Amino acid sequence: MNKTLEWTPPARAGEALFLPAARPCADSPLLVLLPGAYSTPGDAVEHGLSAALAVRHPSANLLVLPLDPLAVTEGAALACFDAALAPWRGRFATLWLAGISLGALVLLAYLAERPQGVAGALALTPYLGSRQLEAQIRAAGGPAGWAAANEADWDERHLEERVWRWLGEGGAERLPVELGLAEADRFYSSQALARECWPAERCLEIAGGHDWAAWRALWTAWLDRVPSWGVEE
């Protein structure tokens, strides 16, 4: 398979950003967001994602983690993500996860391996690997056929293969994870293929591109769909 990445890894994304709930309560949840390869935690504030959460779910806390693309290419992304979540799991009884683009790939691979303790998740316009990998999956008749034809052994430097196997084996049907799509997104073709493995009621689609305007619109639509978090008095 072609392992060539279709993006150039940028510099490290900086420090994590924790935004406490505007109106905390005893059962305030934590929503953890992992942005894309070229984004920083501060971008979630600048582009209105934190404000949208505060308006719709003021009892929710937001943690935006930096994404290190080198950890993805070196096979350490899942361990890094798990380590970043560890100190927060004991602090909050309810944990929700969200990811954008490459961050969504890491999120889905993480759910494939360690879904325990996650109340729900959102994958926004995920990067799902090379066009050559997509072509191989299509040639196999779809994710289920591709998963059946390939051995389960996989390399953590190539998370996209783990995600496609998880999809082919019905992973998206077993977990409360939603998929956000934008029709003009440059990765839309592979995302539409992945959507075939998702329950239709857990898919969101708009007419945007691979940018913050689309991510904010999908994020807001998702927040409007999720159940109320905490006791918002």
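Nothing in this text is a laboratory measurement; each read-out follows from the coordinates by a stated rule. Predicted, not measured: the structure shown is a model, and the values here were computed from it. A quick note on method: Cβ atoms are made from the backbone with ideal geometry, for glycine too, and the neighbour counts reach across all protein chains shown.
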* Structure fact -> When Ile137, Ile100, Ile206 are arranged by how many other beta-carbons sit within 10 Å of their Cβ, fewest first, they go Ile206, Ile137, Ile100
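In the P(r) worked out for segment 17-225, what percent of Cα pairs fall beyond 31 Å? Write out the running numbers ahead of the final one.
Details: 2946 of 21736 pairs.
Looking at segment 17-225, the distances longer than 31 Å represent 14 percent of pairs.
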* Structure fact -> The summed charge of the Glu196 Cβ neighbourhood (under 12 Å; Lys/Arg +1, Asp/Glu -1) stands at +1
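When only Cα pairs under 8 Å and 6 or more residues apart are kept, what is the percent relative contact order across the chain? Could the numbers behind the result be given before it?
Details: 439 pairs, mean separation 52.9, N = 233.
Reported as a whole number, the value is 23 percent.
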